[in-house]
Amino acid sequence: MDARLLFVHSPLVGPGTWDLVAADLAGRGYQVGGTDLTGTLTAGPPYCVRQAETIARGTAGQPAILIGHSGAGPLLAAAGAISGQVRGYLFVDAGLPIPGQTWMQTVPPELAAQVRGMADDRGWLPPWPQWWGDEAVAELIPDPAARRPFTAGCPPLPLAMFEEVHPPAPQWPDAPAAPAAYLQLSEAYEDQAARAAELGWPVAERMSHHLAPLTHSALVAESLHELLGQLP
């Protein structure tokens, strides 16, 4: 495959989410690269536009396939439009692009209220693992050697990012400029996987849990390899 695989982590966590999967696919002969969106959080608004631009720069002017996990998904189409070099998209337990909408508009009202309620008087939220508590994170990532660097890499989050309108993504979703596929890992993303199937994308269901790239990297890498083979 001529296009490089560019792994994009959710802005809510750190770039290490993809390390094991990227190494696995590099061992299979793929060209791989990654992005780091953590710096976009301290730079101030506009967050989503800056994140899409950062992803686009990660293509380095070369053909790329964007692989996004979780909160990275909504940014991929805008990044592809900016880059002009994207040859495909792979969404991994991820939200789909929401151009012209805010994150708050796309989630259940109770979750939106929960997130707003966690913000301090400066408008900052605690790191994502603290939203759920130590026990919940330990259940997903039982190995402390894997869990500690993951939690340490999760930054505080600006509430304004969740209330910000996502940048435009021309032609999305009716005529995406590049083919796409979807990998579902948890029940929480059932609706997104169903929407991907409606759009005619290849969809794979490998039910494990949302942070499977950290704990079941071989399964995720093999699933991505299979989906890459199904992209036109």
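The values are calculated or read from the model by the stated rules, or taken from the named source; none is laboratory data. Given the structure is predicted, the values throughout are model-derived calculations rather than measurements. Every residue, glycine as well, gets a Cβ built from its backbone with ideal geometry; the counts of neighbours run over all protein chains shown. Remember, those area values only see protein heavy atoms, side chains included, never the ligands or the DNA or RNA. Shrake-Rupley method; radii C 1.70, N 1.55, O 1.52, S 1.80 Å.
Quick check on my filter: what residues within segment 1-15 are in a strand (DSSP E or B) and of a type in the set (D, E, K, R)?
Of segment 1-15, the ones in a strand (DSSP E or B) are 4-8.
Listed by number, the list holds a single entry, Arg4.
Could you say which residue among Leu219, Leu199, Leu159 is under 22 Å from Val32 (Cα atoms), surrounded by fewer than 20 Cβ atoms within 10 Å (Cβ to Cβ), out of contact with any helix residue (DSSP H, G or I) (no Cβ under 6 Å at 6 or more places or on another chain) and among the hydrophobic types (A, V, I, L, M, F, W, C)?
From the options Leu219, Leu199, Leu159, the qualifying one is Leu219.
Out of segment 198-214, which residues are part of a helix (DSSP H, G or I) and at pLDDT below 95?
Looking only at segment 198-214, we keep the residues that are part of a helix (DSSP H, G or I), and these are 198, 212-214.
Selection gives Glu198 alone.
Across segment 69-102, which residue is nearest to Pro213 (Cα to Cα) among those that are surrounded by fewer than 22 Cβ atoms within 10 Å (Cβ to Cβ) and touching a strand residue (DSSP E or B) at 6+ places or on another chain (Cβ under 8 Å)?
The selected residue is Arg87.
Quickly run through segment 103-156 and pick out the residues that are over 21 Å from the mean Cα position of the chain (by Cα), under 17 Å from Thr215 (Cα atoms) and not in a helix (DSSP H, G or I).
Within segment 103-156, Pro142, Asp143 qualify.
Consider only pairs whose beta carbons are under 6 Å apart and that are at least six residues apart or on different chains; among these, list those whose first residue lies in segment 151-169 and is without any contact (Cβ under 8 Å) to a residue 60 or more places away in the chain and whose second residue is open to solvent by less than 20 Å² (accessible area, probe 1.4 Å).
Pairs that qualify, where the first residue is without any contact (Cβ under 8 Å) to a residue 60 or more places away in the chain and the partner is open to solvent by less than 20 Å² (accessible area, probe 1.4 Å), are Thr151/Pro129; Leu159/Leu125.
Say whether the condition of being assigned to a helix (DSSP H, G or I), open to solvent by 10 Å² or more (accessible area, probe 1.4 Å) and either of a type in the set (Val, Ile, Thr) or in contact with a Pro (Cβ under 6 Å, 6 or more places away or on another chain) (or both) is met by at least one residue in segment 58-68.
Within segment 58-68 (the criterion being assigned to a helix (DSSP H, G or I), open to solvent by 10 Å² or more (accessible area, probe 1.4 Å) and either of a type in the set (Val, Ile, Thr) or in contact with a Pro (Cβ under 6 Å, 6 or more places away or on another chain) (or both)), the answer is no, since none of the residues qualifies.
Within segment 162-182, track down each residue that is within 25 Å of Thr40 (Cβ to Cβ) and of a type in the set (A, V, I, L, M, F, W, C).
Hits for segment 162-182 are Phe162, Val165, Ala169, Trp172, Ala177, Ala178, Ala180.
For segment 31-45, how many residues meet the condition of being assigned to a loop (DSSP other than H, G, I, E, B) and either open to solvent by less than 40 Å² (accessible area, probe 1.4 Å) or touching a residue at least 60 places away in the same chain (Cβ under 8 Å) (or both)?
Residues that pass the stated criteria total 5.
Check Ala72 against each of (1) more than 12 Å from the chain's Cα centre (by Cα); (2) outside any loop (DSSP other than H, G, I, E, B); (3) not polar (S, T, N, Q) and name the one condition it does not meet.
(1)
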